[in-house]
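Here's the structure we're looking at; comments come further down.
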Amino acid sequence: MDTTALMIRNLNLSYQDGLVVDDVTLGLNPQELGCLLGPSGCGKSTLLRAIAGFQELDSGEIWLDNQLLSTERQRVLPENRGVGMVFQDIALFPHLTVSDNIAFGLTDWPEISQYKRVAELLDLIGLMGLDQRYPHELSGGQQQRVALARAMAPKPKLLLLDEPFSGLDTELRGRLASEVRTILKSDGICSLLVTHDQREAFDFADRIAVMHEGHICQFDTPFNLYHEPTDPFVAHFVGPGEMIDAKIASPRSVSSPLGVLTNDEDLEYPINSDVQIFLRPDDLIHNDDSSYQAMLVGKHFRGAHHLYEVKLDNGVILGCLAPSHHNHAIGEMIGVSLDIEHLVVFPK
Ligand code: ADP
Ligand code: MG
């Protein structure tokens, strides 16, 4: 018995101009919150439309709860898939109250069950008491929560969310992504979010598929994508960092402009081969007591910390984290030290 909820196998999708989704294989476990993260145009919405049943397949298969939904020859109709969708454009019905909007997809439920489900969702989205308002009497964030509740109401097997927070201001976006995560987790609905925003993806998902030019580079937890990217595109896309040239010095070490750096596991590259190592700003920390000095050439105040750019004596410029109150001036020499737990190595 297959235990995945959503299973996509070797999916290829194209428009007249060619392939836009290239051999994608992806599975989500029951109640799991997944995310497709990638730059604009990489094929995320096309993939989502195929899962919803609006897109023809060139080849491959889409399964949901062990039911075959799509192949290149046949497709279950969108309305028969048990799949709900939420989009960026909040399409609430303006002439219906919050309650009636949420109950919209429940017309064939007994009235008492409709009432209970709407009350449960109002509670979950924190809009108890606003149930008789009309959409124009709500803020953008409240409207998006109602749209979410409406899509969740019929208890879909899978909920698809396509950039649902993009129309909202930055502060609200950050908050809503984690709020929506909490709401979906308490209702146990397996979901797939599409976004180009790394922070939103990290706030929302259990696992993230990083997409680039139609294919999935890595499907992993936010932690692993950040700390153990298996692909240079992923390394750069999920957070700041720099590649620097290095050479394999021993099975577990490299020689680099920062000296010899060691890893706690074998690196699996031949000795003396040229490689690149990827360093994040949190691998290099500002430390007034360190004898290793570097010049501060850039600084970005991030509230809780500074993100510094420091230039090493060999000219290499790296990001470096510093506590918020260490307010050094550009041009100053500051002490830095390495804090690397795991070396991220790519072939050169
Ligand atoms: P994303 O959601 O990641 O921004 P899309 O799936 O919308 O990307 O688009 C992927 C590629 O397919 C883009 O190059 C886009 O221009 C193209 N595309 C999207 N929709 C259509 C369409 N209806 N007809 C032709 N090409 C399309
Ligand atoms: Mg899109």
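A simple spin-label model places pseudo-atoms 7 Å from Cα toward Cβ; at residue 100 and residue 228 they are separated by 5.4 nm.
For the listed peptides 84-94, 124-134, a ranking on the average number of other beta carbons within 10 Å per residue, highest first, reads 84-94, 124-134. Projecting the Cα atoms of 30, 99, 297 onto the charge dipole of the chain, computed from C-beta unit charges around the Cα centre, puts 99 farthest toward the positive end. Only the Cβ atoms of Lys and Arg (+1) and of Asp and Glu (-1) were treated as charged; on that basis the dipole of the range 241-347 about its Cα centre amounts to roughly 320 debye. Annotation: the antiparallel percentage among DSSP beta bridges lying fully within the chain is about 75.
Where the centre of each part is set by its Cα atoms, how far does the range 27-93 sit from the range 325-346, in angstrom? Comparing the Cα centres of the range 27-93 and the range 325-346, I get a distance of 43 Å. Taking amide H atoms as placed 1.01 Å from N in the peptide plane, the amide H of residue 298 lies under 5 Å from those of 309, each 5 or more residues away in sequence or on another chain.
Summing +1 for each Lys or Arg and -1 for each Asp or Glu among the other residues whose beta-carbon sits under 15 angstrom from that of residue 269 gives -2.
What the phi angles of the range 213-222 give under the Karplus curve with 6.51, -1.76 and 1.60, with θ = phi - 60°, is a coupling list of 6, x, 10, 8, 7, 7, 10, 7, 6, x Hz, glycine and proline written as x. 3J(HN,Hα) along the range 261-268: 10, 10, 10, 8, 10, 4, 8, 6 Hz, from the Karplus curve 6.51 cos²θ - 1.76 cosθ + 1.60 with θ = phi - 60°, whole Hz, x for Gly and Pro.
If only the Cβ of Lys and Arg carry +1 and only the Cβ of Asp and Glu carry -1, the dipole of the chain around its Cα centre is close to 740 debye.
Cross-linked pairs 44/348; 44/311; 116/157; 247/299; 44/185; 311/348: Cα-Cα separations exceed 27 Å for 44/348; 44/311; 247/299. Overall, the accessible surface of the range 241-347 at a probe of 1.4 angstrom is composed of carbon and sulfur to the extent of 50 percent. Here's the picture: charge each Lys and Arg Cβ at +1 and each Asp and Glu Cβ at -1 in the range 6-236, and of 178, 134, 204 the one pushed furthest to the positive end of that dipole is 134.
Leaving ligands, DNA and RNA out of it, report the carbon-plus-sulfur percent of the accessible area of the range 6-236 at a 1.4 Å probe. So the carbon and sulfur contribution to the accessible surface is 48 percent.
Given R0 = 51 Å, the distance between the Cβ atoms of residue 137 and residue 247 translates into a calculated FRET efficiency of 0.20.
Per-residue ellipticity at 222 nm from helix content only, as computed over the chain with -39500 (n - 2.57) for each DSSP H run of at least four residues, stands at -6500 deg cm²/dmol.
Counted as membrane-span-like here are DSSP H helices of the chain whose alpha-carbon atoms extend 15 Å or more along the helix's own axis and whose Kyte-Doolittle mean is -1.0 or above; these are 111-124, 140-152, 170-187.
Candidates 121, 158, 235 compared by Cα position along the dipole of the chain: farthest toward the positive end lies 121, with charges placed on Cβ.
Accessible area per residue for the chain, computed on protein heavy atoms with a 1.4 Å probe, is 48 Å². Per-peptide packing, taken as the mean over residues of other Cβ atoms within 10 Å, places 236-242, 99-105 in the sequence 99-105, 236-242 from highest down.
With R₀ fixed at 41 Å, the C-beta to C-beta distance from residue 328 to residue 272 puts the FRET efficiency at about 0.60. A straight chain from residue 66 to residue 172 at 0.36 nm per residue would run longer than the Cα-Cα distance by 34.5 nm. Backbone geometry of the range 298-315 corresponds, through the Karplus equation with coefficients 6.51, -1.76 and 1.60 at θ = phi - 60°, to 3J(HN,Hα) couplings of x, 8, 10, 7, 10, x, 6, 8, 9, 9, 9, 10, 10, 9, 6, 5, 8, x Hz, x marking Gly and Pro.
The values are calculated or read from the model by the stated rules, or taken from the named source; none is laboratory data. Quick caveat: nothing in here was measured; it's all calculated off a predicted structure. Using ideal geometry, Cβ is built from the backbone for each residue, glycine included, and neighbour counts are taken over all protein chains shown. Protein only, heavy atoms only, side chains kept; ligands, DNA and RNA dropped before computing areas. Shrake-Rupley method; radii C 1.70, N 1.55, O 1.52, S 1.80 Å.
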